[in-house]
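Worksheet: one structure, shown below.
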Amino acid sequence: MIEMHNVTKIYTNGAVALDNVSLTVKPGEFVFLIGPSGSGKSTLIKILIREIKVTSGDVFVNNKDVTSMFRSEIPYLRRSTGVVFQDFRLLEKKTLFDNVAFAMEIIGAYRRDIVKRVPVVLKMVGLEDKMDCYPWQLSGGEQQRAALARAIVNKPQLLICDEPTGNLDPNTSEHIMYLLDRINEGGTTVLVATHDTNMVNKMNKRVIELSQGRIVRDDLRGFYKNEA
């Protein structure tokens, strides 16, 4: 599902965000990407969805060569990849239904399919009674679940989440992780970048740790911090 070979990213100011990173994520895996701020997590995510290009190395997502693809090919990459951003990125002037529907509209889905699919996904995340609300009428946890619904409405093969529980209370965080686990059990590959120690320790999934742009740990069944 994801292959990165000797990937380095150096920004124009000289900052080395990733330094010779290589990793493989197989289809159906659930992987936590951890590390302190500035370790390279967000850069890695941006590379996977081609928001930015690598300085050197090779990246493949779902057998697509991300490093050499043309700009016109990027939308097709993102059709098979759902992304939940830390700042939600919901459209403030659209209802919750329309926010989720928009993800289907941009790939050319038929209206009848949109009307059928969106309520199903909203029910999955527990927001079926909020579909006519606007983002500003939702709590932080509800906005996060709305962003998750939008990310999975097109049944992506890969779901990437950037700090999905960053500003949420423990109970809401636990519900978000329950939803991500259910999505993974349905066959979707899930990659979660997080600082949430409790979430990582409870889930006991694969943990990849970054530090100063390098992978310093890759545990199949890991915790946020290993005991000395």
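Using 0.36 nm times the number of residues separating Glu51 and Val216, minus their current alpha carbon distance, what extension gain do you get?
Details: separation 165, 0.36 × 165 = 59.40 nm, distance 2.47 nm.
Result for the pair: 56.9 nm of gain on full extension.
Can you give me the relative contact order of region 21-167 as a percent, contacts being Cα pairs under 8 Å and 6 or more apart?
Working: 152 pairs, mean separation 43.1, N = 147.
This gives 29 percent for region 21-167.
Excluding ligands and nucleic acids, what accessible area in Å² is computed for Arg78 using a 1.4 Å probe, to the nearest 10?
100
Angle between the Cα long axis of helix 96-105 and the longest principal axis of the chain, 0 to 90 degrees, nearest 10?
Helix 96-105 and the main axis of the chain meet at about 70 degrees.
Once you have the Cα-Cα distance between Phe70 and Gln137, take 0.36 nm times their residue separation minus that, and quote the gain in nm to one decimal. Present the calculation step by step, with values, prior to reporting the outcome.
On the way: separation 67, 0.36 × 67 = 24.12 nm, distance 3.93 nm.
Here the answer is 20.2 nm.
Can you give me the Cα centroid spacing of region 48-111 and region 155-182 in angstrom?
18
Using the Cα gyration tensor of region 98-192, with a ≥ b ≥ c the square roots of its eigenvalues, what is the shape: rounded (a/c below 1.5), prolate (a/b larger than b/c) or oblate (neither)?
Working: a/c = 1.92, a/b = 1.23, b/c = 1.56.
The shape class here is oblate.
Taking the chain as the reference, fit the longest principal axis to its C-alpha atoms, fit the long axis of helix 170-185 to the helix C-alpha atoms, and give the angle between the two in degrees, 0 to 90, nearest 10.
The two axes meet at around 80 degrees.
Rounded to the nearest 0.05, what FRET efficiency do Ser37 and Lys202 have when you use their Cβ-Cβ distance and R0 = 22 Å? Walk me through the intermediate numbers first.
Values: r = 22 Å, r/R0 = 1.01.
About 0.50, to the nearest 0.05.
About the Cα centre of region 121-228, what is the dipole size in debye to 20, counting +1 per Lys and Arg Cβ and -1 per Asp and Glu Cβ, all else neutral? Walk me through the numbers on the way to the answer.
Details: 13 positive and 15 negative charges, 66 e Å.
Dipole magnitude for region 121-228 comes out near 320 debye.
Cross-chain or 8 or more residues apart, Cα under 28 Å: how many lysine pairs in region 15-124 fit that? Count them up, please.
14
Rank these by accessible area, largest first, 1.4 Å probe: Glu92, Glu185.
Numbers: Glu92 95, Glu185 140 Å².
Correct descending sequence by accessible area is Glu185, Glu92.
Give me the percent relative contact order of region 102-178, please, defined on Cα pairs under 8 angstrom at least 6 residues apart. Could the numbers behind the result be given before it?
On the way: 41 pairs, mean separation 23.6, N = 77.
Normalised by residue count, the contact order of region 102-178 is 31 percent.
By how many nm would the segment from Asp19 to Arg182 grow when fully extended, if each residue of separation counts as 0.36 nm and the alpha-carbon distance is taken off?
Extra length available between Asp19 and Arg182 comes to 55.3 nm.
Explain nothing, just the number: dipole magnitude of the chain about its Cα centre with +1 on each Lys and Arg Cβ and -1 on each Asp and Glu Cβ, in debye rounded to the nearest 20. Mind showing how you got there, number by number?
On the way: 30 positive and 27 negative charges, 117 e Å.
In debye, rounded to 20, the chain gives about 560.
Using only the heavy atoms of the protein chains and a 1.4 Å probe, how would Phe97, Phe60, Phe32 rank by accessible area, largest first? Write down the numbers at each step before the final one.
Values: Phe97 25, Phe60 65, Phe32 0 Å².
Largest accessible area first, the list is Phe60, Phe97, Phe32.
Between Lys123 and Thr12, what is the FRET efficiency for a Förster distance of 35 Å, r being their Cβ-Cβ separation, to the nearest 0.05? Working shown, then result.
Values: r = 45 Å, r/R0 = 1.30.
E(calc), rounded to 0.05, equals 0.15.
Which angle between 0 and 90 degrees, to the nearest 10, do you get for helix 140-152 versus the longest principal axis of the chain when only C-alpha atoms count?
Between helix and principal axis, roughly 80 degrees.
Putting +1 on Lys and Arg Cβ atoms and -1 on Asp and Glu Cβ atoms, find which of Val83, Ile107, Ala149 reaches farthest to the positive end of the dipole of region 73-228.
With unit charges placed on the Cβ atoms, the residue in question is Ile107.
The values are calculated or read from the model by the stated rules, or taken from the named source; none is laboratory data. The shown structure was predicted, so the numbers you read here are calculated from the model rather than taken from an experiment. Neighbour counts are summed over all protein chains in view; Cβ atoms, including those assigned to glycine, are modelled from backbone coordinates with ideal geometry. In case anyone asks, the SASA skips ligands and DNA or RNA and just uses the protein heavy atoms, side chains included. Shrake-Rupley method; radii C 1.70, N 1.55, O 1.52, S 1.80 Å.
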